[in-house]
1. Pairs, please: C-beta under 6 Å, at least 6 apart or cross-chain, first residue more than 17 Å from Arg103 (Cα to Cα) and in the range 24-53, second part of a helix (DSSP H, G or I) and of a type outside the set (Val, Ile, Thr)?
2. Which residues, counting only those in the range 25-41, are among the acidic types (Asp, Glu) and assigned to a helix (DSSP H, G or I)?
3. How many residues are of a type in the set (Asp, Glu) and surrounded by 13 or more Cβ atoms within 10 Å (Cβ to Cβ) when one looks only at the range 63-109?
4. Would you check if Asp75 is of a type outside the set (S, T, N, Q), modelled with pLDDT under 95 and in contact with a Phe, Trp or Tyr (Cβ under 6 Å, 6 or more places away or on another chain)?
5. Give Leu153, Leu98, Leu157 a once-over and let me know the one that is assigned to a helix (DSSP H, G or I) and closer than 30 Å to Ala33 by Cα.
6. Tell me which of these Val66 doesn't satisfy, since it passes every other one: (1) over 45 Å from the mean Cα position of the chain (by Cα); (2) closer than 26 Å to Gly46 by Cα.
7. Can you say whether Phe44 is touching a Phe, Trp or Tyr at 6+ places or on another chain (Cβ under 9 Å) and assigned to a helix (DSSP H, G or I), as far as the supplied structure shows?
Amino acid sequence: MPRETRERRGLPRLDQPVEPRRAIPRPHYDPEAFGRLSERIARFIGTGRFLVYMTIFIILWVIWNVAGPDPSRWDEYPFIFLTLILSLQASYAAPLILLAQNRQADRDRVNLDQDRQSTDRSRENMEYLAREVAALRIGLGEVATRDYLRSELRDLLEDLEARASTERSRPTNDPVQHAGPH
């Protein structure tokens with residue numbers, strides 16, 4: 001009879017670790033969705049609208065439990081149930097606000113890193129362009145500019161005019177110069 005392997009018999013292999021067994025299964029949730037929800041709640045808790053709603057709720061609660069009919073009052077003067085509700089709301093609001101702040105800090109950190117990288121790229125581009133402009137200035141120092149050429153041509157024209165005027169004013173005995181067209 002051929003020897004059966006542990007896998008064929010449905011037993012785990014001895015050369016691989018076994019998954020730990022949990023007596024109580026853990027709930028599965030999407031951390032990103034939970035984070036977005038906590039940010040929405042924290043954003044709402046931080047508004048004036050929330051404060052107005054809470055104030056109206058507390059005022060109505062107190063008025064009802066002080067001036068309402070006796071059989072329908074559920075929370076008498078020390079308002080212990082109201083205190084419990086507000087404590088419960090605060091105990092959930094604080095961690096939700098902290099979670100929202102942590103997520104915002106993470107986003108700020110990522111934005112800061114991206115801004116830093118962008119600044120570094122911009123600085124490198126500016127340094128490159130500064131080197132290129134410096135090279136162009138050095139190259140232009142050796143190239144004749146339009147103004148330089150004009151000044152040189154004016155100087156040459158003045159020299160030619162000066163020579164022409166000195167030659168006209170000087171009497172010549174050259175027969176070739178006095179000879180007219182043939």
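The values are calculated or read from the model by the stated rules, or taken from the named source; none is laboratory data. It should be emphasised that the depicted structure is a prediction, and the values quoted were computed from it without experimental measurement. Every residue, glycine among them, receives a Cβ derived from its backbone with ideal geometry; neighbour counts consider all protein chains shown.
1. Phe50/Phe44
2. Scanning the range 25-41 gives Glu32, Glu39.
3. The qualifying residues number 1.
4. yes
5. Leu98
6. The failed condition is (2).
7. yes
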